[in-house]
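Each remark here refers to the structure printed beneath this line.
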Amino acid sequence: MGNPSKLNPVEYKILIQLDEVEKVTEGGIIIPMSAADKRQMEQVIATIIAIGGNSFEDFKKPIPKVGDRVYVAKFAGYEVNGADGEKYKLVNDKDVAAVIGD
């Protein structure tokens, strides 16, 4: 998968990218930017991009890894811009609530 952001978290931090929020409803209604921004803030599904060296050392299985899709705490972490121009979030490993998968 690689890390196009060029951001490398340290200690217990992980770098995630939130799923894109739809800007048009299934019925074709365009969602205003302010509402779309609010929905993005509430989004809790993300993909792990990079993991700090001490992350998840206290976790039992399943241990999240780069590329996993996860649920994270709604207001966790802070937004950062990657070298690729994309927006990411840096969150603590404890903010991961569940790994989405098999």
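The values are calculated or read from the model by the stated rules, or taken from the named source; none is laboratory data. Here the structure is a predicted model, which means the values were calculated and not measured. Because the Cβ atoms are built from the backbone with ideal geometry, glycine has one as well, and the counts that use them run over all protein chains shown.
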Quiz item: Which of (1) modelled with pLDDT under 90; (2) in a loop (DSSP other than H, G, I, E, B) does Asp37 not meet, given it meets every other one?
Solution: (2)
Quiz item: Just for region 43-76: of the residues that are outside any strand (DSSP E or B) and among the hydrophobic types (A, V, I, L, M, F, W, C), which one is farthest from Leu7 (Cα to Cα)?
Solution: Phe59
Practice problem: Check off (1) without any contact (Cβ under 8 Å) to a residue 24 or more places away in the chain; (2) over 13 Å from the mean Cα position of the chain (by Cα) for Gly101 and give me the number that stays unchecked. | Solution: (1)
Exercise. Could you please find all residues in region 77-101 being touching a Gly at 6+ places or on another chain (Cβ under 9 Å) and in a strand (DSSP E or B)?
Key: Tyr88, Lys89, Leu90, Val91, Asn92
Practice problem: State which residue is nearest to Gly85 (Cα to Cα) when the search covers only region 1-28 and only residues that are among the β-branched types (Val, Ile, Thr) and at pLDDT 70 or above. | Solution: Ile16
